[in-house]
Amino acid sequence: MNYTRQQAWQHLRQHVNSEVLLKHCLAVEIAMRAYAAKFGEDVEYWGAVGLLHDVDFEKFPEDHPNHAREILTAAGYDSQFVTDVESHARDWKRERTLLQKTLLAVDELTGFIIACALVRPDKSLDNLEVKSVMKKMKDKAFARAVNRETITTSAAAMNVELKEHIEFVTKALAQAAHMPEYQELPLVG
Ligand SMILES: [Fe+2]
């Protein structure tokens, strides 16, 4: 299968209506594409996994990602692709590949970074500094739903410094926020 973001986006739209969830999927896609480029991996493939990682969440919030296989297989995605999507289950038992570790490491972090941007006076990712994100990581009252431990342990599993990881993902999101393909559903706002 040839992976294109246009096709992955169409498949996602068939199963997700929530703007909040769509924006989350876009943010994870951006981070996955950025890391794929950094690691010399397949940008389109990593991006498609990011875009579709929560494809079953809206319909099966209690049993996610256990319905990804039936949805994605029906859409023509191969077993490896589905496994890559399924691997971000928090209780995944197998050793994760680099792609799978990255997916887990950006899943929770992208939302946290966007939450940090939203409380800035300019509501922008452009001037968001790593130190401010790091500070908010320690503020338990801020964005309570975001699991700090998942962010920390998943970055460690990727073998990246948390600070570098935050900086890399923040930059990737800030750059993408200005691209035409991310204007329809702005990441922030
Ligand atoms: Fe997610």
Net +/- balance of residues flanking Val43 in space, Cβ distance below 15 Å, scoring K and R +1, D and E -1: -3
Charge dipole (the chain, unit charges on Cβ, about Cα centre) - positive-most of Leu162, Pro180, Asn2: Leu162
Thr97-Gln10 pseudo-label distance in nm [points 7 Å out on the Cα-to-Cβ vector]: 2.5 nm
Relative contact order (%) - the stretch 40-88, alpha-carbon pairs under 8 angstrom, separation at least six: 35 percent
Percent carbon-and-sulfur accessible area, the stretch 5-182, ignoring ligands, DNA and RNA, probe 1.4 Å: 51 percent
Accessible area expressed per residue, the chain, with surrounding protein chains retained (probe 1.4 Å, Å²): 51 Å²
DSSP H segments from the chain that extend 15 Å or more along their own axis, Cα-based, with Kyte-Doolittle mean of -1.0 or above: 19-39, 98-118, 148-158, 162-176
Local net charge near Arg90, Cβ-Cβ under 12 Å (Lys/Arg +1, Asp/Glu -1): -3
Accessible-area order (highest first, 1.4 angstrom probe) of the listed residues Lys138, Lys171: Lys138, Lys171
Simple spin-label estimate for Glu44 and Thr83 in nanometres, 7 Å along Cα-Cβ: 2.2 nm
The chain - charge dipole about Cα centre, Lys and Arg +1 at Cβ, Asp and Glu -1, debye rounded to 20: 680 debye
Under 9 Å, Cβ to Cβ, from Asn147 - net charge with Lys/Arg +1 and Asp/Glu -1: 0
Average Cα contact separation per residue, the stretch 5-182, under 8 Å, 6 or more apart, as relative contact order %: 21 percent
In range of the label at His178: residues from the stretch 94-132 whose backbone nitrogen is under 15 Å from the point 7 Å along Cα→Cβ: 124-128
Extension gain (nm, one decimal) between Lys171 and Ala141, 0.36 nm per residue minus Cα-Cα: 8.3 nm
Of Lys93/Lys123; Lys38/Lys93; Lys59/Lys163; Lys59/Lys131, those spanning more than 29 Å from alpha-carbon to alpha-carbon: Lys93/Lys123; Lys59/Lys163; Lys59/Lys131
Helix-only [θ]222 nm of the chain, DSSP H runs n ≥ 4, -39500 (n - 2.57) each, per residue, nearest 500: -19000 deg cm²/dmol
Protection proxy ranking of 155-162, 57-64 - average other beta-carbon atoms within 10 Å, highest first: 155-162, 57-64
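The values are calculated or read from the model by the stated rules, or taken from the named source; none is laboratory data. Computed from a predicted structure; not experimentally measured. Note that each Cβ is placed from the backbone with ideal geometry, even for glycine, and that neighbours are counted across all protein chains shown. What goes into the accessible areas is simple: the full protein's heavy atoms, side chains included, and nothing from ligands, DNA or RNA. Shrake-Rupley method; radii C 1.70, N 1.55, O 1.52, S 1.80 Å.
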